[in-house]
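Single-structure report; data block below.
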Amino acid sequence: MTTVATRTGVGPLLRDWRERRRLSQLELALRADSSARHISFVETGRSRPSEEMVLRLAEHLEVPVRERNALLLAAGYAPRYAETPLDDPSLGSLRAGLDRLLAGYEPYPALVVDGSYTVVAANRGLMALLGGLPGHLLVPPLNAMRITLHPEGLAPRIRNLREWRGHLLAQMERQLALARSEPLRRVYEEVAAYPLPGPAGGSAEDREDPQPYPYFALPLRIEHDGHVLSFVSSISTFNTPMDVTVAELAIETLLPADPATVTYLRSLEGAP
């Protein structure tokens, strides 16, 4: 997606980001080694910030890399961060590293998604969980949220669907509150509208586990070939990315939450 500069200038954009972070002009000025007066002048358009100041303010406001390019363009400067296609030769070492990481995590499920949850890589552990899903959900590009919450996807197999669905929707809501992303908003609106499915005409509540979970985090409880597997999700991102594509990648690993899940997944390694 190409970054488009706003016609309103950089000041209103910076003010919007400051208000999103719930910072006063003084608080931002102290963090950025500036003055509240200068911040005010920048936000109202009375002063044009230097390129260095735009980047410094963006850093302290935790503006996503894609949006930092938009700030620079609005201030009259060239974008600083490239957006390199993931299949570009220059990212070959990154792709190879991700492939090794995913393979090394087997037999446990792991995947890599972009900023709108499009799956860009996945290991065999993850693909095993998707067995039996209808073909229309598996046509590339796969979307992790769609596959998980679609009534014909994994949703009917998830034993704590109501809780897990709430967790995923809240996760996307937090992301949308921190950054503008129309692709992510479209995915959110789609999956939030999915009905809660029930088994064979039953209600969604029929699938819910009745007791609290004795885990250290909310688990994903999902059925697979007659077994109930429990996972805890962990998400990793890249530190100090200098490319928009890399900045928006996230690696999600599903950690087995009980010994029975470990034993079952390891038994699949030797299966034909």
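Just so it is clear, none of the values below were taken in a lab; they were calculated from the coordinates. Source: prediction; values computed, not measured. All Cβ positions, even for glycine, are placed from backbone atoms using ideal geometry, and neighbour counts span all protein chains on display.
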Summing -39500 (n - 2.57) over the DSSP H runs of n ≥ 4 in the chain and dividing by its residue number, what mean residue ellipticity at 222 nm do you reach, to the nearest 500 deg cm²/dmol? -12500 deg cm²/dmol
Show me the ranking of peptides 46-52, 184-190, 143-149 by mean Cβ neighbours inside 10 Å, starting with the highest. 143-149, 184-190, 46-52
The simple spin-label model distance between Ala217 and Ala193, using points 7 Å out along Cα→Cβ, in nm, is 3.2
Ranked from fewest to most other Cβ atoms within 10 Å of their own Cβ, Leu138, Leu98, Leu111 fall in the order Leu138, Leu98, Leu111
For Rg/Rh (Cα atoms, Kirkwood Rh), with candidates (i) 0.96; (ii) 1.04; (iii) 0.99, the value calculated from the shown model is option (ii)
Computed magnitude of the charge dipole of region 10-74 (debye, nearest 20; Cβ of K, R +1, Cβ of D, E -1): 140
Using alpha carbons only, how many degrees (0 to 90, rounded to 10) separate the axis of helix 161-178 from the longest principal axis of the chain? 10
At 0.36 nm per residue, and after removing the present C-alpha to C-alpha distance, how many nm does the segment from Gln171 to Val228 gain when stretched out fully? 18.1 nm
Nearest-5 percent of antiparallel DSSP beta bridges in the chain? 95
Relative contact order for the chain: what percent, with Cα pairs under 8 Å and sequence separation of 6 or more? 18
So if R0 is 51 Å, what FRET efficiency would Ile235 and Ser47 give, r being the distance between their Cβ atoms, rounded to the nearest 0.05? 0.85
